[in-house]
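Notes follow once the structure below has been shown.
FYI, it's all coordinate maths here, none of it is from the lab. None of these values were measured; they are calculated from a predicted model. Here the Cβ positions follow ideal geometry from the backbone for every residue, glycine too, while neighbour counts run over all protein chains shown.
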Amino acid sequence: MEGTPKQPKNCSSLLEQLVAEAREAPLGGQVADYIPALAEVAAEHVGIAVVELDGTTHTAGDFDVCFSIQSISKIFGLALAMERAGDSLWERVRMEPSGQAFNSVVQLEWEHGIPRNPFINAGAIVVSDVLTSRYSASKSALIQYIRYLAGTESVHTNHEVWESEKEHGNRNAALAYLMKSFGNIEADVPAVLDHYFFQCSVEMNCLQLAQSLGFLANKGIQPGTEERICDARSAHRINALLSTSGMYDQSGEFAFTVGLPAKSGVGGGIVAVVPDYGVIAAWSPPLNRFGNPTRAVQMVTEFAQRLGLSVYH
């Protein structure tokens with residue numbers, strides 16, 4: 001059937017090949033060092049996992065090593081906030097690519113405290129405000145939500161990273177207070193920032209990440225449990241935002257070359273959603289100039305291209 005992914009004879013062997021190629025390739029960047037706890041992660045790590053909707057799992061490399069998911073956590077926060085706030089959320093955060101740095105203060109000032117999208121820092125802070133304002137224990141609600149989606153209680157926040165985030169989070173504090181001045185933050189700023197930094201400090205491995213986001217590839221229904229996590233419209237909207245804004249200022253290039261909704265994080269991770277097929281998650285810490293993990297992006301790109309997974313057939 002046209003548009004059906006091409007299945008290699010041995011998908012796991014393909015992943016092993018991609019990991020081997022990635023390990024032989026130049027690092028292609030540097031490990032994030034603006035948060036000291038992230039700078040300590042070994043640059044040599046390379047891992048990848050693919051989880052299909054029927055539960056079939058393929059893994060290679062350091063797929064079971066946990067890492068700080070950082071901005072990938074914005075997907076979980078957004079899904080939970082959309083459930084709580086409904087369409088009113090889009091009065092406080094837009095759905096457009098930013099065209100500026102993910103932590104730009106200037107753009108936020110120009111646009112009167114309304115962030116361009118929920119995947120830049122200002123937008124994710126608004127999402128954190130929604131959760132902080134609507135849950136008595138928002139951090140607990142978020143981590144339990146992620147654990148449920150991943151199917152394991154072993155997902156935790158790295159407290160060293162969390163403290164490091166708070167200690168070096170002055171620009172994010174500036175974004176939050178600026179939005180507060182425009183009336184776009186409801187809760188106390190320190191509480192909102194604490195939730196945001198906690199969220200970014202969640203640790204997962206590639207397999208857990210791929211398992212947890214299956215609902216986005218399945219019109220809102222989580223494979224395995226068959227529980228509806230969100231309606232099909234919400235899944236569509238999250239995927240659309242991932243396609244236009246999930247890879248920072250490399251989002252257009254990624255859509256052009258790979259053609260999948262995706263989100264990266266400065267911890268070196270990337271997840272890509274393949275509707276009606278499954279989820280790919282890869283990890284390798286060194287980042288390119290856009291803040292995306294060079295070798296992890298290359299593995300996802302090669303896998304998607306070899307199987308013909310682009311949504312833009």
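Data table
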read-out: Relative intensity, log₁₀ I(q)/I(0), of the chain from a Debye sum that treats every alpha carbon as a point, q = 0.09, 0.10, 0.16 Å⁻¹; value: -0.40, -0.49, -1.36
read-out: Angle between the chain longest axis and helix 232-245 axis [Cα atoms, degrees, rounded to 10]; value: 90 degrees
read-out: Highest-first arrangement of 169-182, 293-306, where packing means the average Cβ count within 10 Å; value: 293-306, 169-182
read-out: Order of SER164, SER201 under a 10 Å beta carbon neighbour criterion, fewest first; value: SER164, SER201
read-out: Ranked packing of 132-140, 283-291, most packed first, by mean Cβ within 10 Å; value: 283-291, 132-140
read-out: Relative contact order, percent, the chain [alpha-carbon distance under 8 Å, six or more residues apart]; value: 28 percent
read-out: Angle between the chain longest axis and helix 189-200 axis [Cα atoms, degrees, rounded to 10]; value: 10 degrees
read-out: Rounded to 10°, Cα long-axis angle of helix 170-181 versus longest principal axis of the chain; value: 50 degrees
read-out: For region 71-200, Kirkwood radius (reciprocal of mean inverse C-alpha pair distance, Å); value: 14.6 Å
read-out: Cα shape, region 272-313, gyration tensor, a/c 1.5 rule; value: prolate
read-out: Stretch gain in nm, segment HIS313-GLU163, where the contour uses 0.36 nm per residue and the Cα spacing is subtracted; value: 49.5 nm
read-out: Part-to-part distance (alpha-carbon centres) for region 24-65 and region 87-164, which is given in Å; value: 23 Å
